[in-house]
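Structure in C-alpha coordinates, see below.
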Amino acid sequence: MGRLGVSEILVILAVVLLLFGGKKIPELMKGLGSGIKEFKNAAKDDQPADKKETKEETKE
(Lines give C-alpha, C1' and ligand atoms only; values in the text may rest on other atoms or scores of the structure.)
Protein backbone atom coordinates (compact mmCIF):
# COMPACT_ATOMS: atom_id res chain seq x y z
CA MET A 1 0.00 0.00 0.00
CA GLY A 2 2.94 2.35 0.61
CA ARG A 3 4.52 1.95 -2.81
CA LEU A 4 3.86 4.24 -5.74
CA GLY A 5 3.60 2.86 -9.23
CA VAL A 6 4.15 4.62 -12.52
CA SER A 7 0.50 5.51 -12.94
CA GLU A 8 0.28 7.06 -9.45
CA ILE A 9 3.38 9.16 -10.06
CA LEU A 10 1.97 10.38 -13.38
CA VAL A 11 -1.30 11.37 -11.69
CA ILE A 12 0.59 13.28 -8.97
CA LEU A 13 2.70 15.09 -11.58
CA ALA A 14 -0.43 16.00 -13.56
CA VAL A 15 -2.11 17.44 -10.45
CA VAL A 16 1.01 19.46 -9.57
CA LEU A 17 1.20 20.78 -13.13
CA LEU A 18 -2.48 21.80 -13.03
CA LEU A 19 -2.16 23.49 -9.63
CA PHE A 20 1.04 25.43 -10.19
CA GLY A 21 1.38 25.73 -13.95
CA GLY A 22 4.45 25.15 -16.06
CA LYS A 23 6.15 28.46 -15.27
CA LYS A 24 5.95 28.15 -11.49
CA ILE A 25 7.34 24.61 -11.15
CA PRO A 26 11.03 25.50 -11.85
CA GLU A 27 10.86 28.20 -9.18
CA LEU A 28 9.40 25.73 -6.69
CA MET A 29 12.08 23.13 -7.45
CA LYS A 30 14.83 25.74 -7.10
CA GLY A 31 13.48 26.75 -3.69
CA LEU A 32 13.18 23.13 -2.62
CA GLY A 33 16.75 22.40 -3.73
CA SER A 34 18.19 25.38 -1.90
CA GLY A 35 16.25 24.44 1.23
CA ILE A 36 17.63 20.90 1.16
CA LYS A 37 21.14 22.25 0.59
CA GLU A 38 20.87 24.58 3.59
CA PHE A 39 19.54 21.75 5.74
CA LYS A 40 22.47 19.50 4.80
CA ASN A 41 24.97 22.28 5.48
CA ALA A 42 23.42 22.93 8.88
CA ALA A 43 23.55 19.23 9.70
CA LYS A 44 27.24 19.09 8.73
CA ASP A 45 28.01 22.14 10.87
CA ASP A 46 26.36 20.59 13.93
CA GLN A 47 28.24 17.29 13.80
CA PRO A 48 31.79 18.61 14.40
CA ALA A 49 30.54 20.80 17.25
CA ASP A 50 29.11 17.73 18.99
CA LYS A 51 32.38 15.83 18.55
CA LYS A 52 34.40 18.76 19.92
CA GLU A 53 32.22 18.94 23.01
CA THR A 54 32.64 15.25 23.78
CA LYS A 55 36.43 15.52 23.38
CA GLU A 56 36.57 18.51 25.73
CA GLU A 57 34.43 16.70 28.31
CA THR A 58 36.71 13.65 28.27
CA LYS A 59 39.81 15.83 28.85
CA GLU A 60 38.42 17.23 32.09
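For region 1-22, which positions are of a type in the set (D, E, K, R) and open to solvent by less than 100 Å² (accessible area, probe 1.4 Å)?
Within region 1-22, 8 is the sole residue that qualifies.
Next question, about the same structure. Is it fair to say residue 25 is open to solvent by less than 90 Å² (accessible area, probe 1.4 Å), at pLDDT below 90 and in a helix (DSSP H, G or I)?
Against the criterion (open to solvent by less than 90 Å² (accessible area, probe 1.4 Å), at pLDDT below 90 and in a helix (DSSP H, G or I)), residue 25 qualifies.
The values are calculated or read from the model by the stated rules, or taken from the named source; none is laboratory data. A quick note: this is a predicted structure, and the numbers were derived from the prediction, not measured. These area figures cover heavy atoms from the full protein model, side chains too; ligands, DNA and RNA do not enter into them. Shrake-Rupley method; radii C 1.70, N 1.55, O 1.52, S 1.80 Å.
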